[in-house]
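The values are calculated or read from the model by the stated rules, or taken from the named source; none is laboratory data. Remember, predicted model here, so these are calculated numbers, not experimental data. Here Cβ is always computed from backbone atoms with ideal geometry, including for glycine, and neighbour counts include all displayed protein chains. The area values use the complete protein model at the heavy-atom level, side chains included, leaving out ligands, DNA and RNA. Shrake-Rupley method; radii C 1.70, N 1.55, O 1.52, S 1.80 Å.
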There are 2 protein chains.
Amino acid sequence: MRKLGTRHENLDRKVYRELKSMIVDRKLKPGDKILQEKISQEFGVSRTPLMCALKKLEQEKLVQAIPRRGFYVRRFTKEEVLEAFELREILEGLAARRAAIIITAIQAERLRGFFTDADVSESGQGIKRYADEDRRFHNFLIELGGFDLLNDILENYNIITVSYRVDVMEGLVRHPRETLPEHRALIEAIASGKPDLAEKLARQHFARSRQQLLKEMELEKARRPSKPAASHPRAVRTSQQEPGP
Amino acid sequence: MRKLGTRHENLDRKVYRELKSMIVDRKLKPGDKILQEKISQEFGVSRTPLMCALKKLEQEKLVQAIPRRGFYVRRFTKEEVLEAFELREILEGLAARRAAIIITAIQAERLRGFFTDADVSESGQGIKRYADEDRRFHNFLIELGGFDLLNDILENYNIITVSYRVDVMEGLVRHPRETLPEHRALIEAIASGKPDLAEKLARQHFARSRQQLLKEMELEKARRPSKPAASHPRAVRTSQQEPGP
DNA sequence: GGATTGAATATTGTATTCAAAAATCACTAA
DNA sequence: TTAGTGATTTTTGAATACAATATTCAATCC
């Protein structure tokens with residue numbers, strides 16, 4: 001019997017993926033209005049599947065829909081990033097615990113392969129590669145937890161993505177120099193089957209990033225005592241337009 | 001300035017809500033195929049907003065989309081319900097902790113108003129009302145936690161809904177007689193601002209339901225040693241058809 | 001009688017169309 | 001100039017149209 005549901009790929013799925021990566025890769029920037037006509041022409045599809053994809057992204061909070069006005073790429077607040085870390089602290093802690101319990105030898109080997117050739121120097125290229133590896137690592141960790149529902153939530157809900165929405169160091173909150181040993185310790189704890197240690201290390205990892213983020217937020221607040229940002233996009237221009245003279 | 005995004009209510013939102021409640025209320029039963037033409041006529045809208053709503057429900061896992069075949073009301077496995085409880089154990093534990101920290105006097109009063117006139121007798125009516133109150137209570141608890149992201153996830157991801165997908169006692173895993181004192185203790189812990197106790201009680205509450213569920217699953221497995229259920233709906237009839245002789 | 005084939009029918013996925021709302025622009029008056 | 005106002009253009013939200021695919025069912029063959 002052939003697998004159902006995988007043979008055909010609906011257009012809206014393709015559009016969804018394409019659009020999502022455009023947002024994640026910052027080709028569409030926070031605040032940008034999504035011009036449906038333009039994008040659908042660009043993708044060579046009608047507005048119907050695009051609309052579908054946009055609704056999906058709205059549910060994921062990657063875009064914001066304003067009725068009768070359109071869709072805008074959403075901007076995450078530091079508070080939201082903080083919440084995402086708080087959630088990841090417990091959720092990935094749980095995943096790490098379960099991973100340590102059910103991990104197989106083959107998976108352990110693959111896990112140990114992460115961050116083997118990490119470049120901890122200052123180079124921008126190195127940071128970028130580390131950030132990518134970081135993402136892959138955490139995704140794999142969740143996968144190892146064997147928690148379908150959790151997997152789904154973290155993936156579809158973009159908790160991971162949100163976490164990288166800090167504006168420095170490719171979205172990393174702390175420098176690889178600091179996080180690399182933590183990652184390695186966590187890897188070892190899971191690979192060698194130590195649930196308690198794994199959970200503790202995973203939680204510590206996020207707790208520390210959270211503290212760092214909090215510290216930055218305090219600093220920022222101290223610098224700009226009261227400058228409330230506009231919460232809704234109003235008369236936002238697309239980033240594609242020519243900058244004024 | 002007028003509130004953006006709340007004045008207009010898109011059709012697909014209405015259809016979404018309507019459809020969702022039809023599924024939750026079992027007017028559409030697990031396995032049922034969703035006939036788009038029929039439903040859209042019933043709702044008096046075209047298939048476009050219905051399609052949108054269906055895609056949303058697909059993301060929430062309340063319906064399953066099979067390309068070129070249609071949408072089916074999804075059936076949750078006991079395993080999924082178990083996972084939902086496992087997640088709720090930690091997530092609502094966290095919410096209870098935070099609620100106990102930030103709760104206001106007014107909220108505490110409202111919280112103490114839950115389950116005041118609970119009917120713990122055997123009557124079906126009583127059970128139904130208790131189950132509804134149970135849902136409202138847990139939703140309020142999450143709200144009290146003040147965790148926007150968590151709120152969203154639990155709501156949109158139907159973790160709560162999934163939890164009530166057990167086929168006995170209106171979806172309740174344990175009898176009110178057993179859970180009522182737990183609810184009351186939890187309420188008191190939160191209302192009187194005891195974070196540690198609140199988290200402990202919340203987690204215990206779910207852990208016990210989880211154990212009960214596990215026990216039932218074991219029993220069931222013992223009764224029917226090997227009868228693998230079909231994982232995909234195949235030639236599923238709508239529940240509207242006349243039952244055969 | 002039961003499996004197989006293929007035309008007829010139904011349903012889906014997507015494009016197109018259209019009315020209503022919002023944005024933009026040109027024009028007038030202070 | 002600049003604020004306000006009405007006409008024009010864009011854009012959205014939803015209905016309809018249509019081609020591609022799936023399902024059904026009757027006729028045929030073994």
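Brief remarks on what is shown
- Interface residues of region B:48-92, defined as a loss of at least 50 Å² in heavy-atom accessible area between the chain alone and the complex of all protein chains with a 1.4 Å probe, are B:C52, B:K55, B:Q59, B:P67, B:E83, B:E86, B:L87, B:I90.
- Of A:R69, A:R174, B:R110, B:R184, the residue with the largest accessible area leads and the full order is B:R110, B:R184, A:R69, A:R174 (1.4 Å probe).
- Within region B:122-212, GluC sites (Glu not before Pro) in DSSP loop having at most 14 other beta-carbon neighbours inside 10 Å: B:E122
- Anchor B:K215: lysines whose Cα lies under 24 Å away (excluding residues fewer than 8 positions away in-chain): B:K78, B:K128, B:K200, B:K227
- Once C-alpha pairs closer than 8 Å and six or more residues apart are averaged by separation and normalised to the residue number of region B:78-223, the relative contact order reads 44 percent.
- The mean count of C-beta atoms from other chains within 10 Å of the C-beta of residues in B:11-19, rounded to a whole number, is 1.
- Area hidden from solvent between A and B (accessible, protein heavy atoms only, 1.4 Å, total, Å²): 3600
- Gain upon complete extension [B:Q36, B:D132; 0.36 nm per residue less C-alpha separation]: 31.6 nm
- When all protein chains stay in place and ligands, DNA and RNA are ignored, the 1.4 Å accessible-area order of B:K221, B:K56, largest first, is B:K221, B:K56.
- Surface share of carbon and sulfur [accessible, 1.4 angstrom probe, percent] for the protein assembly as shown: 50
- Of the GluC sites (Glu not before Pro) in region B:1-98, those whose Cβ has at most 13 other Cβ within 10 Å and which sit in DSSP loop: B:E9
- Extreme residue, positive dipole direction of chain B, given options B:L111, B:L214, B:V45 (C-beta unit charges): B:V45
- Region B:65-133 - accessible surface per residue (Å², probe 1.4 Å): 48
- Here the calculated FRET efficiency for A:A105 and A:F140, from their Cβ-Cβ distance with R0 = 25 Å, stands at 0.95, rounded to the nearest 0.05.
- The spread of Cα positions in chain A, taken along each principal axis and listed from longest to shortest, comes to 63, 55, 30 Å.
- Per-residue [θ]222 nm for chain A (sum of -39500 (n - 2.57) over DSSP H runs n ≥ 4, rounded to 500): -20000 deg cm²/dmol
- Cα→Cβ-extended label distance, 7 Å offset, between A:E218 and B:K27, nm: 5.4
- Mean per-residue shielding of peptide A:197-204 is 0, counting Cβ atoms of other chains within 10 Å of each Cβ.
- Heavy-atom accessible area ranking, 1.4 Å probe, most first, across B:S163, B:S21: B:S21, B:S163
- Between B:E79 and B:A207, the simple spin-label model (points 7 angstrom out along Cα→Cβ) gives 2.5 nm.
- Separation of alpha-carbon centers, region B:120-151 and region A:107-136, rounded to whole Å: 44
- Average beta carbon contacts from partner chains per residue of B:145-157, 10 Å cutoff: 4
- Simple point charges give the picture: +1 on the Cβ of Lys and Arg, -1 on the Cβ of Asp and Glu, and for region A:78-223 a dipole about the Cα centre of about 320 debye.
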